[in-house]
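All remarks here apply to the structure that follows.
None of the figures in this text is laboratory data; all of them are computed from the coordinates on show. On a predicted model such as this, the values are computed, not experimentally measured, just so you know. As a convention, Cβ positions derive from the backbone with ideal geometry for all residues, glycine included, and neighbour counts pool all protein chains shown.
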Amino acid sequence: MKELAARGNNVADSGISPREAQIRMRPGSRWNGEAANPIAAAIYGVVISLLLGYVLSYLARCVGMGVVVGSGSWHGGRAFMLAGLNLYASQHIPLVGSGVPPGAVDNIDATITFPLTVWAVIPAFALMVGGWLAGRMRADAGRWGTIVPAVGGGIAYAAVLAALAPVISARFASTAIPKVPNWEFNPPGIPFRPSIAGTLLYGSLFGLLFSYLGALIAVRGVDSHVRGKWWACAKAVIAVAVVVQLLVCGAALGWFVTGSRSGESDEFAQPEVAQILPAAIGTAYALLHAARLSLEVTPASLPSASAQLYRGVTTSDGGKTTRKQLPGYVWIGGLIVALSALVSGRLAVKVGSRDGSLPTAFRVTVLHSAYLAAIVALCGMGWGLEGQMSVWVGPRCDSGMLLAVAGVLVMSLAGAHWANRRYAGRLTGFPSV
């Protein structure tokens with residue numbers, strides 16, 4: 001007791017925070033202050049992420065839900081394989097299949113890539129929990145000593161998924177893709193497995209992003225005074241983007257409901273529509289920022305189309321190209337982009353990025369561009385039969401996005417400058433003008 005009291009009396013002289021002193025005074029343990037081995041922490045995070053992700057995917061399979069759905073009982077080898085296939089498909093990982101469909105005589109090779117669905121929350125949540133636990137095990141190792149093992153675990157997560165991909169194989173009867181007028185996607189009755197290359201790419205994207213977020217939560221839990229300027233800008237960018245997308249979602253749902261009541265859009269009154277809402281509102285957000293929505297079909301003799309909000313729609317059918325301008329009021333989208341960038345810059349300063357307006361605007365622009373790139377990468381869907389045809393529907397990058405990036409930089413700079421003037425006025429006691 002005397003030793004603890006003496007250590008407590010020296011806190012003021014040591015220059016450390018009371019929270020850090022409290023951690024150091026606890027008995028040594030990986031959960032309350034003593035940093036675990038970084039490799040052990042990373043492995044622990046990977047194991048938890050994989051187990052939690054699979055269990056949640058299996059529970060979704062038990063109630064007949066998921067990106068891919070198969071008939072049959074909820075137990076047995078086929079059910080376990082289908083749950084694993086769902087975990088891969090929910091991360092936008094392409095599925096490749098090969099075999100002879102029922103009633104056919106020839107072998108076919110097929111590829112299916114699903115868009116971002118609500119089921120992406122399963123691997124995202126599992127990775128955040130794994131990253132948080134890995135970070136907690138390294139709680140006394142400092143900010144980067146906590147984050148690096150968790151992020152390393154995210155990379156290892158993708159590697160383990162890629163190693164397991166060849167043994168995951170299952171047939172499925174239906175998918176999360178909704179029916180659209182005059183068209184319905186029917187997967188061929190052959191076994192599918194995850195693409196190894198796709199697993200390494202998209203598994204790493206999910207692993208890095210969400211294990212990093214989990215580690216940041218762990219860092220903030222240990223020391224609430226840690227303020228990262230990039231983290232502050234990221235919170236501002238994501239918060240504003242989510243609000244804009246929720247408004248888009250609300251407008252779309254209102255349109256669907258109105259159309260359903262009038263009997264004009266009954267095809268949207270189906271459960272699959274709700275499952276692909278993340279891809280739909282993500283694509284709408286990318287279109288606001290001058291991305292291009294494309295329908296790409298091979299062979300080239302089949303109809304294809306692309307739409308860019310500010311340049312119009314281009315269709316191609318048998319070599320004949322047609323262009324159509326959209327109504328003039330679509331330029332309201334540019335106003336939404338400008339206002340959201342202004343709010344992002346202002347909010348970033350308010351939550352901690354106070355080292356200057358230009359550095360804040362630069363960080364906001366970089367992070368927002370990365371956010372758009374992730375949307376473009378994850379919100380498309382495609383399918384194809386080797387040697388016959390392939391279809392891709394989703395957002396693509398467009399040269400007009402460079403103007404949108406420049407607009408985000410200028411408007412976030414204005415928002416950050418506005419907030420910095422008000423913040424400086426409060427510090428000095430003089431009113432801002």
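Structural remarks
- Rounded to the nearest whole Hz, the Karplus-based 3J(HN,Hα) values (6.51 cos²θ - 1.76 cosθ + 1.60, θ = phi - 60°) of the range 202-216 follow the sequence 7, x, 5, 4, 5, x, 5, 5, 7, 5, 5, 4, x, 5, 5, with x at glycine and proline.
- Taking a Cβ cut-off of under 12 Å around residue 385, the surrounding Lys, Arg, Asp and Glu residues balance to a net charge of -3, with basic ones at +1 and acidic ones at -1.
- Long-range amide H partners of residue 99 with built H, under 5 Å: 108
- In summary, the range 35-167 shows an alpha-carbon radius of gyration equal to 1.24 times the 2.2 N^0.38 Å reference for compact globular proteins.
- Dimensionless Rg/Rh of the range 303-343 - Kirkwood Rh, Rg from C-alpha atoms: 1.19
- Gyration tensor (alpha-carbon) shape descriptor, the range 115-220, a/c threshold 1.5: prolate
- Sorted on the mean count of surrounding Cβ atoms within 10 Å across their residues, most packed first, peptides 407-420, 104-117 read 407-420, 104-117.
- Long-range HN-HN contacts of residue 312 with modeled amide H, under 5 Å: 326
- 10 Å beta-carbon shell around residue 82, net charge (K/R +1, D/E -1): +3
- Highest mean packing comes first when the peptides 161-169, 127-135, 80-88, 242-250 are listed by Cβ atoms within 10 Å, giving 127-135, 80-88, 161-169, 242-250.
- Ellipsoid equivalent to the range 286-356 - semi-axes via the Cα gyration tensor, in Å: 38, 14, 6
- Within the range 291-315: backbone nitrogen closer than 19 Å to the residue 323 label point (7 Å, Cα to C-beta): 291-295, 304-315
- For residue 396, the residues 5 or more places off, or on other chains, whose built amide H falls under 5 Å of its own are 292, 293, 294.
- Evaluating 6.51 cos²θ - 1.76 cosθ + 1.60 at θ = phi - 60° for every residue in the range 330-346, the Karplus couplings come out as 5, 5, 4, x, x, 5, 4, 4, 5, 5, 5, 5, 4, 5, 4, x, 5 Hz, glycine and proline recorded as x.
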